[in-house]
């Protein structure tokens, strides 16, 4: 088993704090989105919102000249994670609900 000597003496709470902060900051917008959209439209709406957010984060990373290869999590990684969430929500969406959301009628 490999041990990292740089982490010796570091509290587990100090290591988990950034992850907890992300969860605390991400939960209210998702809860708000769930409360204002009908249940059938939640996943398609989440997919659209997350893809737009991923594009914005990627544009910020590009404008700041963020490196693609870093030892730490970069803005590119965050944009990729958000895009991954968007793709997952889109895949789990019901196609008939998406058609209804955009005003289309299902074909027989």
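Laboratory data are not the source of any read-out in this text; all were calculated from the coordinates shown. Predicted model, so just to flag it, every value in this text is computed and none were measured. Cβ sites come from the backbone with ideal geometry, for glycine too, and all protein chains shown count toward neighbours.
In plain terms, the residue of 45, 37 with the fewest other Cβ atoms within 10 Å comes first and the most crowded comes last, giving 37, 45.
Exposure proxy ranking for 76, 62, based on other Cβ atoms within 10 angstrom of each Cβ and starting from the fewest, stands as 62, 76.
Counted by neighbouring Cβ atoms within 10 Å, the residues 35, 47 run from fewest to most as 35, 47. Treating each Cα of region 38-101 as an identical point scatterer and summing with the Debye formula, the log10 of I(q)/I(0) at q = 0.13, 0.25 Å⁻¹ comes to -0.41, -0.93. In a fully extended conformation the segment linking residue 91 and residue 30 would gain 20.2 nm over its present Cα-Cα distance, using 0.36 nm per residue.
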